[in-house]
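The next block holds one structure in the form of structure tokens; read it before the comments.
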Amino acid sequence: MDVTPLVPGDRQLIESYGEGKFRISGQVHQGSVLVFPRECVAWPVATMAEVTANTLAPVVARRGDVAILLLGCGRRMAPVPGALRAALREAGIVVDTMDTGAACRTYNILMSEDRRVAAALLAVE
């Protein structure tokens, strides 16, 4: 029995991560990325200290399309400052933090369920 989720061809599927890059829908992206169901963009952030309302502005700009933001914090989960969490909540976006690997896997599952999800992923070496 095949249990692989059916994913429409126009969706961004995270295939692998590591060595400072991601492979998403057949394309290699160097460094951190913001992944939306139909688009992946470079994200000039290398550490959790750089994750701010300003660096997440592209996500907030898509708030009508994004209800859940998965924040991949690198090798280990890290807390999101309360002010940032509140700013995202005010925009109607719930943030869930986890290590980058877990965020990649969770994004693929939620995206395959056609949920309004995005991922902000810090690259890991």
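The values are calculated or read from the model by the stated rules, or taken from the named source; none is laboratory data. Worth saying up front: this structure is predicted, and the values here are computed from it rather than measured. Neighbour counts run over all protein chains shown; Cβ positions are idealised from the backbone, glycine included.
Of note:
- Residue list for the stretch 15-34, filter: among the aliphatic types (A, V, I, L, M) and within 12 Å of residue 122 (Cβ to Cβ): 33, 34
- Of the criteria (1) within 16 Å of residue 20 (Cβ to Cβ); (2) under 14 Å from the mean Cα position of the chain (by Cα), which one residue 47 fails: (2)
- Among the residues of the stretch 78-99, those that are among the hydrophobic types (A, V, I, L, M, F, W, C), touching a helix residue (DSSP H, G or I) at 6+ places or on another chain (Cβ under 9 Å) and either free of Cβ contacts under 8 Å to residues at least 24 places away in the same chain or part of a helix (DSSP H, G or I) (or both) comprise 87, 88.
- Residue satisfying condition, being in a helix (DSSP H, G or I) and modelled with pLDDT of 95 or more, within set 53, 46, 102, 120: 102
- Checked against the criterion of being closer than 14 Å to residue 52 by Cβ, within 14 Å of the chain's Cα centre (by Cα) and among the hydrophobic types (A, V, I, L, M, F, W, C), the stretch 95-118 has at least one qualifying residue.
- Selected residue (criterion: surrounded by the most Cβ atoms within 10 Å (Cβ to Cβ)) from residues of the stretch 31-59 that are closer than 20 Å to residue 11 by Cα and either free of Cβ contacts under 8 Å to residues at least 40 places away in the same chain or acidic (Asp, Glu) (or both): 40
- Within the stretch 60-76, the set of residues being within 16 Å of residue 100 (Cβ to Cβ), touching a residue at least 24 places away in the same chain (Cβ under 8 Å) and either among the polar types (S, T, N, Q) or in a loop (DSSP other than H, G, I, E, B) (or both) comprises 73, 74, 75.
- Count of the stretch 8-25 residues which are assigned to a strand (DSSP E or B) and either at positive phi or touching a helix residue (DSSP H, G or I) at 6+ places or on another chain (Cβ under 7 Å) (or both): 3
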